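Scroll down for the structure; my scribbles are underneath it.
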Amino acid sequence: MLKQCEGSHAVAATVALCRPEVICAYPISPQTHIVEGLSEMVRDGTLQHCEFINVESEFAAMSVAIGASAAGARSYTATASQGLLFMAEAVWNASGLGLPIVMTLANRSIGAPINIWNDHTDAMSMRDAGWLQLFAENNQEAADLHIQAFRLAEELSLPIMVCMDGFILTHAYEGVDIPTQEQVDAYLPPYEPRQVLDPREPVSIGAMVGPEAFTEVRYLAHAKQMQALDRIPQLAAEFRQQFGRDSGGLIRTYRLEDAQTVVVALGSVLGTIKDTIDDLREAGHKIGVLGITSFRPFPTAAIGDAVSHVERVVVVEKCFAVGVGGIVSRDVRTAMREHPHPIYAVVAGLGGRAITKASLRQLFLSAMADELEALTFLDLDHQAVNRELERERLTRRSGPIAENLLRDLGVVAARVG
Amino acid sequence: MTATVIKFYQTGTHTVGNRLLDPSQRSVQADMRRTNSLNSGHRACQGCGEALGARYAIDAAMQACDNQLIAANATGCLEVFSTPYPETSWQIPWIHSLFGNTAAVATGIAAALRVKGRSEVRVVAQGGDGGTTDIGFGCLSGMFERNDDVLYICYDNEAYMNTGVQRSSATPGAARTATTPAVGPAPGNVFGQGKSLPLIAMAHEIPYVATAIVSELRDLEAKVRRAMEIRGARYIHVFVPCPLGWGTRSDQTIAIARLAKETGIFPVIEAEHGELTAVSKIRKQRPVEDYLKPQRRFAHLFSPAVNTAAIAQIQALADRNIRRFGLVDAAAAAGAE
């Protein structure tokens, strides 16, 4: 049923249809509306056979999910940003133990400086943690991906993060088709764990493994993610059959057929990019888009095939590895080993900075003229950066960088005065 | 005649002979049907107080719930000596997740059991003092305040033994550890630091808090049994000497534990909903020197010169425990003088 609602509420309603048995939550923006919604559904009886636990930290949230999942319950939590970092040790533990927890990550930047707005730094900080990471382009997909995530996680016995852009999606009101319980039940069977804590059949879970088998255990986690490269498109096809719409899959292409330039991105910015590309297409430019839905496992072959005919790739990413550059672009490069075209890494939208069509248009025109640097920071205020560098050159006790920049910009003064 | 006077059958000890007791009162360990939940063959050191405490506690918990028990275990000696795959000493469903999250993992297990309608299956969480009083403190406090249906057992050997005897917030003043070396003007651990987890647990007003000691294993069993009668958050803090970390002879674990109690250094108490309900009295009070001397971690207090000031500080702490918890009967104290 099509419903005009906030992205978070669409996700909450859909997660509830997945019949989670244990939900643990710790508040952090911009994820809070999701677990608030679920808590209400548990309290008013809409969501039955479910325990909702208010924990004292994200570390505890993931740990409660670990215990619940190991005891055979379908377990769910949601977090963002600092919360994901605070639970980091348990994030790795959940995947290492092979527990199919599903977690929504309402993507948000990581401080310092503290910043509540959207980028993908949080997800990227855990990209090697052994979780599958699926990125939603819009609220419909954010909701749908959760249904697929529970199915896939439980098939593989691996945890999955469903990433949706904080505020841009979580707080946006859109029409979302919330499926019926019957539809979801037909797609998502009850959880049948591979390992379970049960006095009827005692097992020891989580004991030490030495060098004699550690590599093999880790390799099996990789092998399972490689299996997921086959299963994700199959599950998306099944989803389409059951629900009548496209959601999920490994990658999504747009106007790529004869493109000489392809723009690669993750998440909600794909909408703005598509609009920009429509305009450029109208002006006769051969440019298309490739959206990555499954960032882990990384669809190396699918991307390689999709971009084999292009001349250059522009990766617009809301994250970067300080001291190196792009993160997504480095993975994309591995997919293009057989087609060594130029790849431009563009860092954009950090800490919620708006990625505008005007900036993207200018960026893509430069890329098509091969005038871009290998690494570009979209809309970077070079003057502000240089002022601070100069200050640090002249003064040892130059003070907090972030405060200096804002003073220079006049924002602090404007608000105070 | 319904009452039977229990006699000590072995002169010089306080051990009660099971054979003098009604079968229903005999210890779990004396029962042929004991579950050996932590089975023999593990890698604990000789004389390990933790292995002894865990064996008694878990078998008692098993008996109390008709063997329907799941355990969550913190990283630490108990986890390491009991399991490296493919071997495991655990005859019960058992999970080790991390060092600092055991109480939360247990909360998750309890939640899963509740939602699945398996209320007959009970959950125990266990860890050492580091995993309980330091790194796992946040999760433990959260489990307490939510009153989750978990029995948490801390085996307190007063330092991080698994990593090579480093100081924890349960390490006593003056004790030598690898990070509080016995050098300088105030050798060993600093006085005035550390915390009492049993008192902190009581402050959460959870249904049940108890301390126990491996020299009184029947008392430990009884406390586990009592804890298992209750639903909600429960905490048992077991004092477990560590021959390796304390520098004691491995055949002295029980004797050292007994001295900890008889000096007043470790009060053995019971509390419900934040109120003290019982204390185990000191039978024959001893000066703290008797407890300190056999332990190499306190050797610097006696050699090359006797550090009377530090010993007096430790005695004052023991005396405070005795006053605070009423560990010595006034009549007994008068008789002793």
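The values are calculated or read from the model by the stated rules, or taken from the named source; none is laboratory data. Predicted model only: the values in this text are computed from it and were never measured. Backbone-built Cβ (ideal geometry, glycine too); neighbour counts: all protein chains shown. For accessibility, only protein heavy atoms count, side chains too; no ligands or nucleic acids. Shrake-Rupley method; radii C 1.70, N 1.55, O 1.52, S 1.80 Å.
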**OP:** Go ahead and estimate [θ] at 222 nm for chain A from helices alone: -39,500 (n - 2.57) per DSSP H run with n ≥ 4, summed, over the residue count, rounded to 500.
**Re:** -13500 deg cm²/dmol
**OP:** Work out from phi, with θ = phi - 60° and the Karplus expression 6.51 cos²θ - 1.76 cosθ + 1.60, the ³J(HN,Hα) of each residue of the range B:274-280, listed in order in whole Hz, and give x for Gly and Pro.
**Re:** x, 9, 5, 10, 7, 10, 8
**OP:** Provide the FRET efficiency to the nearest 0.05 for the B:Ala309-B:Glu275 pair, computing r from the beta carbons and using R0 = 35 Å.
**Re:** 0.45
Original post:
Taking chain A as a Gaussian network, where each spring joins two C-alpha atoms under 10 Å apart, which residue of A:Gly267, A:Gly98, A:Gly284 fluctuates the most?
Top reply: A:Gly284
Original post:
Under 5 Å between amide H atoms, partner at least 5 residues away or on a different chain: which partners does A:Ser268 have, H built in plane at 1.01 Å?
Top reply: A:Asp165
Original post:
A:Ala88 versus A:Asp278, label points 7 Å from Cα toward the beta carbon: distance in nm?
Top reply: 4.1 nm
**OP:** Using only Cα positions of the protein assembly as shown, each an equal point scatterer, no hydration layer, compute I(q)/I(0) via Debye at q = 0.05, 0.08, 0.09, 0.10 Å⁻¹ and quote the log10 values to two decimals.
**Re:** -0.33, -0.75, -0.89, -1.02
Original post:
Which residue, chosen from B:Ile256, A:Leu229, B:Gln193, occupies the Cα position most advanced towards the positive end of the dipole of the protein assembly as shown, where the dipole is computed from +1 (Lys, Arg) and -1 (Asp, Glu) charges on Cβ about the Cα centre?
Top reply: B:Ile256
**OP:** Could you work out the Rg to Rh ratio of the range A:251-377, with Rh taken as the Kirkwood radius (inverse of the mean 1/r over all Cα pairs)?
**Re:** 0.92
Subject >> Per-residue mean of C-beta atoms belonging to partner chains within 10 Å, peptide A:15-24 >> reply: 2
Original post:
Helix A:58-70: angle to the longest alpha-carbon principal axis of chain A, degrees 0 to 90, nearest 10?
Top reply: 40 degrees
Original post:
A:Asp379 to A:Leu220: extension gain in nm, 0.36 nm per residue of separation minus the Cα-Cα distance?
Top reply: 53.0 nm
Original post:
Leaving out ligands, DNA and RNA, what percent of the accessible area of chain B is carbon and sulfur, probe 1.4 Å?
Top reply: 52 percent
**OP:** Compare the Cα positions of A:Thr261, A:Ser294, A:Ile277 along the charge dipole of the range A:257-297 (+1 at Cβ of Lys, Arg; -1 at Cβ of Asp, Glu; about the Cα centre) and return the one farthest towards the positive end.
**Re:** A:Ser294
**OP:** Might you report the magnitude of the Cβ-based charge dipole of the protein assembly as shown about its Cα centre, with Lys and Arg at +1 and Asp and Glu at -1, to the nearest 20 debye?
**Re:** 2440 debye
**OP:** Have a look at A:Phe135, A:Ala71, A:Ala90 and report the one farthest towards the positive end of the charge dipole of the range A:14-160, computed about the Cα centre with Cβ charges (Lys/Arg +1, Asp/Glu -1).
**Re:** A:Ala71
Original post:
Which trypsin sites (Lys or Arg not before Pro) in the range A:303-358 pass both tests, a DSSP loop state and at most 11 other beta-carbon atoms within 10 Å?
Top reply: A:Arg337
**OP:** For the range A:251-377, give the magnitude of the charge dipole about the Cα centre (Cβ charges: +1 Lys/Arg, -1 Asp/Glu; no others), in debye to the nearest 20.
**Re:** 380 debye
Original post:
Once you have the alpha carbon radius of gyration of the range A:2-243, what is it after dividing by 2.2 N^0.38 Å, with N set to its residue count?
Top reply: 0.96
Subject >> GNM top mover of B:Asn307, B:Asn147, B:Asn39 - chain B, alpha-carbon springs below 10 Å >> reply: B:Asn307
**OP:** Compute the distance in nm between two label points, each set 7 Å from the Cα along the Cα-to-Cβ direction, one at A:Glu403 and one at B:Ser40.
**Re:** 6.8 nm
Original post:
Average projected area of the Cα convex hull of chain B, in nm²?
Top reply: 18.3 nm²
Original post:
Check A:Phe377: other-chain or 5+ apart residues with amide H under 5 Å from its amide H, H built from backbone geometry?
Top reply: A:Val347
Subject >> Residue-wise HN-Hα coupling along the range A:295-306, computed from phi with Karplus coefficients 6.51, -1.76, 1.60 (Hz; x: Gly, Pro) >> reply: 7, 10, x, 7, x, 3, 5, 4, 5, x, 5, 5
Original post:
Considering only DSSP states other than H, G, I, E and B, which GluC sites (Glu not before Pro) in the range B:102-169 qualify as loop sites with at most 12 other Cβ atoms within 10 Å?
Top reply: B:Glu120
Original post:
Taking amide hydrogens as modeled 1.01 Å from N in the peptide plane, which residues meet the under 5 Å criterion relative to A:Ala78, leaving out close sequence neighbours?
Top reply: A:Tyr26, A:Thr104
Original post:
Where does the range B:188-297 land on Rg(C-alpha)/(2.2 N^0.38 Å)?
Top reply: 1.12
Original post:
For chain B, what does -39500 (n - 2.57) per DSSP helix run (n ≥ 4), summed and divided by total residues, give at 222 nm, in deg cm²/dmol to the nearest 500?
Top reply: -9500 deg cm²/dmol
Original post:
What size of dipole, in debye to the nearest 20, comes out for chain A about its Cα centre when the only charges are +1 on Lys and Arg C-beta atoms and -1 on Asp and Glu C-beta atoms?
Top reply: 740 debye
**OP:** Please find, in a Gaussian network model of chain A (springs between Cα atoms separated by less than 10 Å), the residue of A:Gly399, A:Gly111, A:Gly325 whose mean-square fluctuation is greatest.
**Re:** A:Gly399
**OP:** Please work out the C-alpha center-to-center distance from the range B:203-271 to the range A:11-69 and express it in whole Å.
**Re:** 37 Å
Subject >> Evaluated over the range B:88-247, the Cα radius of gyration and Dmax, each in Å >> reply: 16.5, 60
Original post:
What accessible area, in Å² to the nearest ten, does a 1.4 Å probe give for A:Ser204?
Top reply: 20 Å²
Subject >> Test item: B:79-91 mean partner chain Cβ contacts at 10 Å >> reply: 3
Original post:
Each residue of the range A:368-375 in order: what ³J(HN,Hα) in whole Hz does its phi give by Karplus 6.51 cos²θ - 1.76 cosθ + 1.60, θ = phi - 60°, with x for Gly and Pro?
Top reply: 5, 8, 6, 9, 7, 6, 4, 10
**OP:** Determine the shape class of the range A:144-212: with a ≥ b ≥ c the square roots of the Cα gyration tensor eigenvalues, call it rounded for a/c under 1.5, and otherwise prolate if a/b is greater than b/c, oblate otherwise.
**Re:** oblate
Original post:
If you take the C-alpha gyration tensor of chain A, multiply each eigenvalue by 5 and take the square root, what semi-axes do you get, largest first, in whole Å?
Top reply: 35, 26, 22
Original post:
Points 7 angstrom from Cα along the Cβ direction at A:Asp305 and A:Leu394: gap in nanometres?
Top reply: 5.9 nm
Original post:
Which of the peptides B:202-213, A:34-45, A:386-397 is most tightly packed, and how do the rest follow, going by the mean number of other Cβ atoms within 10 Å of each residue?
Top reply: B:202-213, A:34-45, A:386-397
Subject >> Protein-protein interface of the range B:127-151, residues with accessible area decrease of at least 20 Å², isolated chain reference, 1.4 Å probe >> reply: B:Cys139, B:Arg146
